[in-house]
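Heads up, the thing below is written out as structure tokens.
A short reminder: the numbers here are calculations on the coordinates, not readings from a lab. Bear in mind the structure is a predicted one, so any value in this text is a computation, not a measurement. Virtual Cβ from ideal backbone geometry, glycine too; neighbours counted across all protein chains shown.
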Amino acid sequence: MASLGWIVGVGAVGLAAGGCAYAAMWPGSRIFGDALIAPRRRGELALTFDDGPNPAWTPRLLEILASHNVHATFFLLGSHAQAEPELVRRIAAAGHLIGNHSWSHPNLALSGRARIRAELTQTCDVLEQVAGMQVRYFRPPFGARRPAALAVARELGMVPVLWNAMTSDWCDPSGERIAARLMARIDRLLKRGWAANIVLHDGGHLDAAAYRAPSLAAAGLMLGHYKRSHRFVTVDTWVA
């Protein structure tokens, strides 16, 4: 019986750990609090880009978006934004929405409240000073969060934002494969009546000038595929 009790105890610990991991990391989890993903709006797509601005690739991405007359949402790292203020201003001047992606891309599910506040506050200060606009949207790095991360974001006047369409574009060398995987996810969402909140990366938290040609190629392919039949929006469109 003692052995059985030990097994049951270990199993309970494992289930609890798994539940915490799901709550902290899975985009659709509501266990640790609500976050904006996407509403039931068939035909609406939000292109979002994380980890920029990237001096090598963000300017090319801006050209692609301009050629399709589409606005996107850029979740910028504060440290990269501080290093590339003119690029931040270009993003804002082109009409794109700018969001907070923390200062240094830590796992906020493992960070204390003071660290979370410092990461978000420092980033907001830089973005708002450079872009000249209030930053109202926040995407946690890795999608990792705990109640404190969501609470601090809301205390600072920001809406937490996750996603429902993503693939490993940051390490996949094929733009065609990235686009195909994302479009399969998007089409499933659209068939069920959901809008799509799509994550791609124009930067990298480990390398300010990370190679992002495949991600940009995938963005161009999706724009070409959906532009005539669907509406591209920024995530603030989905907030009442």
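Tabulated data
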| item | result |
| --- | --- |
| Neighbours by Cβ (under 8 Å, 6+ apart or cross-chain): first from segment 134-152, in contact (Cβ under 8 Å) with a residue 40 or more places away in the chain and surrounded by 24 or more Cβ atoms within 10 Å (Cβ to Cβ); second in a loop (DSSP other than H, G, I, E, B) and of a type in the set (Val, Ile, Thr) | none |
| All positions within segment 184-196 that are within 16 Å of Tyr226 (Cβ to Cβ) and either under 17 Å from the mean Cα position of the chain (by Cα) or charged (D, E, K, R) (or both) | Arg185, Ile186, Asp187, Arg188, Lys191, Ala195, Ala196 |
| Top-ranked residue of segment 179-228 - restricted to ones that are aromatic (Phe, Trp, Tyr) and within 19 Å of Trp163 (Cα to Cα), ranked as surrounded by the fewest Cβ atoms within 10 Å (Cβ to Cβ) | Trp194 |
| Scope segment 219-237; condition of a type in the set (A, V, I, L, M, F, W, C) and in contact with an Asp or Glu (Cβ under 6 Å, 6 or more places away or on another chain); matching residues | Val233 |
| Evaluation of Val199 against (1) touching a residue at least 60 places away in the same chain (Cβ under 8 Å); (2) over 23 Å from Arg231 (Cβ atoms) (one fails), failing number | (2) |
| Every pair of residues 6+ apart whose Cβ atoms lie under 6 Å, when the first sits in segment 98-112 and is touching a residue at least 24 places away in the same chain (Cβ under 8 Å) and at positive phi while the second is surrounded by fewer than 24 Cβ atoms within 10 Å (Cβ to Cβ) and not aromatic (Phe, Trp, Tyr) | Ser102/Pro141; His105/Pro141; His105/His205 |
| Segment 143-180, residues that are under 17 Å from the mean Cα position of the chain (by Cα) and charged (D, E, K, R) | Arg145, Arg146, Arg154, Asp169 |
| Pairs where the first residue, in segment 155-168, is within 16 Å of Glu128 (Cβ to Cβ) and the second is in a loop (DSSP other than H, G, I, E, B) and charged (D, E, K, R), C-beta under 8 Å, 6+ apart | Gly157/Arg136; Met158/Arg136; Val159/Arg136 |
| Subset of segment 101-121 [of a type in the set (Ser, Thr, Tyr), surrounded by 17 or more Cβ atoms within 10 Å (Cβ to Cβ) and in contact with a Leu (Cβ under 9 Å, 6 or more places away or on another chain)] | Ser102 |
| Spans of helices (runs of 4 or more DSSP H) in segment 123-240 with at least 1 residues within 23 Å of Gln82 (Cβ to Cβ) and among the aromatic types (Phe, Trp, Tyr) | none |
